[in-house]
Amino acid sequence: DSLSKVAKAAKIAERMVNLNTFDDVVQDFKYFEDASDEFRGQEGTLLPLWKFQYEKTKKLAVTAISWNPKYSDLFAVGYGSYDFMKQGHGMLLLYTLKNPSFPEYSFSSESGVMCLDFHSDHPHLVAVGFYDGNVAIYNLKKPASQPRYKSSAKSGKHTEPVWQVKWQKDDMDNNPNFFSVSSDGRIVSWTLVKNELVHMDVIKLSGDGMMQGPEGLQLQTLGSGTSFDFHKKIDYLFLVGTEDGKIYKCSKNYSSQFLDVFDAHHMAVDSISWNPFHLKVFISCSSDWTVKIWDHTVKTPMFVYDLCTAVGDVAWSAYSSTVFAAVTIDGQAHVFDLNVNKLEPLCIQQVVTRKKNKSTHIQFNPVYPIIIVGDELGLITCLKLSPNLRKMPKVK
C-alpha cells in the first residue's frame with residue numbers, strides 16, 4: 001500500500017517535470033496556428049510535436065495504433081515485425097501525451113503484436129492479435145504482466161497471423177465480444193463468458209483457385225483476410241479485405257456466402273474503413289500504390305488516388321467526412337480534403353527521415369487536431385494539422 005501511494009505521487013511529479021521539459025511543444029500543441037496558411041491558398045502543413053520512443057522497442061516495427069475512446073490523450077501501440085524471416089517477441093505499450101518520455105503501461109509478449117483495438121464502452125479492455133495466431137484481452141484496471149484472457153491451441157486459435165481485431169457491442173448476456181481476421185481465411189468471433197474466451201467461426205474465406213492435391217484430389221484454396229471493418233450503424237454488415245486484393249461485403253447472418261465482392265486492388269488490401277459520417281462510403285488502401293474510395297452499393301470506386309509508392313495505412317478524420325490521411329512506405333504523410341480538392345492532397349510531408357525506415361500506420365485523434373504516425377524502427381511521431389487541413393464543413 002505504501003508503495004502504491006508513492007507511485008501515484010511519483011507519476012504526477014514525473015508528468016509535471018515532463019510538462020516543463022516539453023513546454024514549447026505543449027504550447028505549440030495548444031496554441032500554435034500556422035499563419036502562413038493564408039498565403040498558401042488551400043495547402044496545409046503538419047507541425048511535428050512529440051516523438052515517442054522506448055528502449056525496448058527500438059528493433060521492432062509499429063504494427064498497430066489505436067486511440068483510447070474515453071481518454072483522448074491515451075493511445076496504445078503494438079510492436080512486432082512485418083518481416084517473416086525475423087519474427088521475435090512483441091510489445092504492447094500505452095502512451096499518454098502528458099508523458100512523452102515513458103509509456104504508462106508496457107506488456108511484453110513472446111510473439112509479435114499484429115493488431116489491437118480498445119473497447120468503446122469499456123475503455124480499459126484491449127483486444128490484441130498476435131503473429132502466432134493467438135488473440136488476447138488485456139485489462140488495464142488490473143495490469144498484470146500476462147494478458148487477462150488468451151486463446152490457446154485447444155480453443156480455436158488461428159493458424160496464421162491475426163491481421164485485425166475489432167470489438168463489437170456486448171451480446172444479449174452483456175458478455176464482451178470481438179472479431180478477428182487472419183491469413184488462415186477464418187473470421188472468428190470471440191466472446192468472454194465466465195472468464196474464458198469462447199470462439200465461433202463466422203465466415204471462411206475461399207480463394208479463387210482449386211489446388212491439385214495428391215491423386216488428382218481437388219482442394220479448395222483459402223482466401224487470406226488482411227483487414228476488415230464493421231459498419232458504424234448497420235450492425236450485421238462488415239467488409240473484409242484479402243491478400244489477393246478483393247474486398248468482400250459480408251453479413252454476420254449468412255456465413256456461407258458474401259453479399260458482394262469488389263475487385264478492388266492488384267495486391268493485398270492493407271487497410272479498410274467505413275466513413276464515420278457517410279454511411280455508404282468506405283476507403284481502402286493497398287501496396288499497389290493506390291487509395292480508393294467506394295460507395296458500397298456501386299461496384300466501381302468513386303475516387304482513385306495513385307500515391308506513386310506502396311500505401312501502408314489510411315484513416316478518416318473524426319471531424320469532417322471529407323478529410324482523410326494516408327502514409328506511404330517512403331515515409332510521407334498525405335492529407336486530403338475532398339471538399340477542397342478532389343484531385344490531389346492538400347499536404348504531402350516527409351515524416352520519417354531515415355533512409356531505410358518506412359512509415360507503417362497513421363491515426364487521427366478523436367478530439368484534438370493531431371495525427372500520430374508509426375514506423376518500422378518503433379518510433380511514433382505526433383503531428384499537428386494546420387488550419388487549412390481541418391476546415392469544418394459548413395452546416396447547410
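On the stretch given as segment 34-49, residues that are within 13 Å of Ile370 (Cβ to Cβ) and touching a helix residue (DSSP H, G or I) at 6+ places or on another chain (Cβ under 6 Å) total 1.
Among (1) surrounded by fewer than 15 Cβ atoms within 10 Å (Cβ to Cβ); (2) under 22 Å from the mean Cα position of the chain (by Cα), which single condition is Ala61 missing? (1) is the only condition that Ala61 fails. Residues in segment 39-68 that are in a helix (DSSP H, G or I) and closer than 22 Å to Asp337 by Cα: Phe39 alone.
Just one residue in the set Val352, Val335 is open to solvent by less than 30 Å² (accessible area, probe 1.4 Å) and assigned to a strand (DSSP E or B); that residue is Val335. I'm checking my understanding of the structure. Among residues of segment 185-212 that are open to solvent by less than 10 Å² (accessible area, probe 1.4 Å) and part of a loop (DSSP other than H, G, I, E, B), which one is modelled with the lowest pLDDT? Once the filter is applied, the top-ranked residue is Leu205. Ala144 satisfies every condition listed in (1) closer than 17 Å to Gly90 by Cα; (2) open to solvent by less than 50 Å² (accessible area, probe 1.4 Å) except (2). So for segment 94-101 (the condition being basic (Lys, Arg), out of contact with any Phe, Trp or Tyr (no Cβ under 8 Å at 6 or more places or on another chain), assigned to a loop (DSSP other than H, G, I, E, B) and under 22 Å from Ile371 (Cβ atoms)), does at least one residue qualify? Checked against the condition, which is being basic (Lys, Arg), out of contact with any Phe, Trp or Tyr (no Cβ under 8 Å at 6 or more places or on another chain), assigned to a loop (DSSP other than H, G, I, E, B) and under 22 Å from Ile371 (Cβ atoms), segment 94-101 yields at least one hit.
In this structure, Gly374 does not satisfy being at positive phi and within 16 Å of the chain's Cα centre (by Cα).
The residue of segment 367-378 that is farthest from Val351 (Cα to Cα), among those that are open to solvent by 10 Å² or more (accessible area, probe 1.4 Å) and touching a strand residue (DSSP E or B) at 6+ places or on another chain (Cβ under 6 Å), is Pro369. For segment 1-58, the set of residues classified as touching a Gly at 6+ places or on another chain (Cβ under 8 Å), polar (S, T, N, Q) and open to solvent by less than 70 Å² (accessible area, probe 1.4 Å) consists of Thr57 only. Does Met91 satisfy being among the aliphatic types (A, V, I, L, M) and either part of a strand (DSSP E or B) or in contact with a Gly (Cβ under 7 Å, 6 or more places away or on another chain) (or both)? Yes: the conditions hold for Met91. Lys166 fulfils the conditions (1) open to solvent by less than 10 Å² (accessible area, probe 1.4 Å); (2) modelled with pLDDT of 85 or more; (3) within 21 Å of Cys250 (Cβ to Cβ) except for a single criterion, (1). Under the condition of being touching a residue at least 60 places away in the same chain (Cβ under 8 Å) and touching a Ser or Thr at 6+ places or on another chain (Cβ under 7 Å), the residues counted in segment 243-296 number 1. Taken over segment 34-60, the criterion of being hydrophobic (A, V, I, L, M, F, W, C) and closer than 17 Å to Gln350 by Cβ is satisfied by Leu46, Leu47, Leu49. Of the residues in segment 100-114, at least one is over 26 Å from Lys166 (Cα atoms) and surrounded by 20 or more Cβ atoms within 10 Å (Cβ to Cβ).
Pairing each residue of segment 146-159 that is closer than 18 Å to Gly185 by Cα with any residue that is aliphatic (A, V, I, L, M) and surrounded by 14 or more Cβ atoms within 10 Å (Cβ to Cβ), provided the two are 6+ apart or on different chains, yields C-beta distances under 6 Å for Ser151/Val135; Ser151/Leu197. Across segment 33-42, a minimum of one residue is classified as within 21 Å of Pro366 (Cβ to Cβ), at pLDDT below 85 and more than 26 Å from the chain's Cα centre (by Cα). For segment 160-190, the tally of residues that are in contact (Cβ under 8 Å) with a residue 40 or more places away in the chain, polar (S, T, N, Q) and either within 18 Å of Ser66 (Cβ to Cβ) or touching a Cys at 6+ places or on another chain (Cβ under 8 Å) (or both) stands at 3. Cβ-Cβ distances below 8 Å connect the following pairs, each with a first residue in segment 348-362 that is within 22 Å of Ser386 (Cβ to Cβ) and touching a residue at least 60 places away in the same chain (Cβ under 8 Å), a second residue that is part of a loop (DSSP other than H, G, I, E, B) and open to solvent by 10 Å² or more (accessible area, probe 1.4 Å), and a separation of six or more residues or different chains: Gln349/Thr45.
The values are calculated or read from the model by the stated rules, or taken from the named source; none is laboratory data. Every value quoted in this text rests on a predicted model; they were computed, and no experiment measured them. Cβ sites come from the backbone with ideal geometry, for glycine too, and all protein chains shown count toward neighbours. Side chains are part of the model used for accessible areas, which takes the heavy atoms of the whole protein and leaves out ligands, DNA and RNA. Shrake-Rupley method; radii C 1.70, N 1.55, O 1.52, S 1.80 Å.
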